[in-house]
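Structure, as structure tokens:
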Amino acid sequence: MEFIIIVTLVTAVLLLHRPLSALYNRLYISRQEHKFIECETFYHSIVSKNIRYYNRLNLEDQRKFLFRTFLFRKSRRFHYLEVKESAEMPILISAVAIQLTFGLDKFMLNYFNDIFVLKDDYHYGFYSRPFMGHVDQSGIYLSWDNFIKGINGQTPNCNVGLHEMGHALAYVTFITETEEDKHFKKEFKNFSKVARPIFASMQEGKRNLLGEYAAVNYHEFWAVSVETFFENPVCLKHELPELYEAMASLLRQDPLQMRSNTGKTTFILKSFSQEGGLLRRI
């Protein structure tokens, strides 16, 4: 009799878990939307001044972008090491993460509760060369000076924020498997069919737009591809068209399709209702 009761309880928990979880998520999102309204203008003022990507979105997608940025920023602990904290820092770092994941259903990179912000290049572990950023099990690390240069376009084809968020996305999908976007995980196989031969040729000495660092290992090839896809889409599509199309399909967004139309833009994305490195970069 006890066994039957236990089985019944376990079955009930399994059956009710998904609907209860969905209800909780809806209530959480509703509460956060009310809080977001109070600071939406402030978020817009910071993001619009610094993130070119954001300014090419239409108004509906801009609001979606800001709300996701708000959720991401709210769910993180930011630590500042030898750099003075400012209100814009966590917002802009969160915005870059959302830029990468904007076309995906799972966009929060939830494994990483901690983000560490350092002033400039730093040393990590036993490596002799300085780092701009890195990702490991303890969190996401970024040097602020390099981060700002990247989002302001001062370092061509280089955006350390996008680079490290690229590592973080791969980390939560393939290593910890803590926040798997079904589309991303499935489509990454198709991406690799295109990317692996390019990476192999680079390791044999062939050079292209991605640069030498992309040939260090496949993790870095992926992260550099992310940077180049957003920072230099025209040249990437011209020089490596198959890689560009694979990236667009994988991330469900195409920077070259964000076309201006009398002050508005068109951006192909899924409905808002579906909200819900591994090594160094030197």
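Taking the stretch 107-121 on its own, how many of its residues are surrounded by fewer than 21 Cβ atoms within 10 Å (Cβ to Cβ) and either basic (Lys, Arg) or more than 11 Å from residue 76 (Cβ to Cβ) (or both)? Give the derivation first.
Taking the stretch 107-121 and keeping what is surrounded by fewer than 21 Cβ atoms within 10 Å (Cβ to Cβ), we get 108, 110-111, 113-114, 116, 119-121.
Subsequent filtering for residues that are either basic (Lys, Arg) or more than 11 Å from residue 76 (Cβ to Cβ) (or both) retains 111, 119-121.
Number satisfying all stated conditions: 4.
To keep it simple, each residue is scored yes or no on (1) modelled with pLDDT of 95 or more; (2) not in a loop (DSSP other than H, G, I, E, B).
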site	(1), (2)
109	yes, no
156	no, no
169	yes, yes
179	no, no
193	yes, yes
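Need the failing condition index for residue 117 against (1) in a strand (DSSP E or B); (2) in contact with a strand residue (DSSP E or B) (Cβ under 6 Å, 6 or more places away or on another chain); (3) under 21 Å from residue 210 (Cβ atoms), just the number.
Unmet condition: (3).
Restricting to the stretch 111-151, give me the number of residues that are under 20 Å from residue 219 (Cβ atoms) and under 18 Å from the mean Cα position of the chain (by Cα).
19
The values are calculated or read from the model by the stated rules, or taken from the named source; none is laboratory data. All figures in this text were calculated on a predicted structure; none of them were measured in a lab. Every residue, glycine among them, receives a Cβ derived from its backbone with ideal geometry; neighbour counts consider all protein chains shown.
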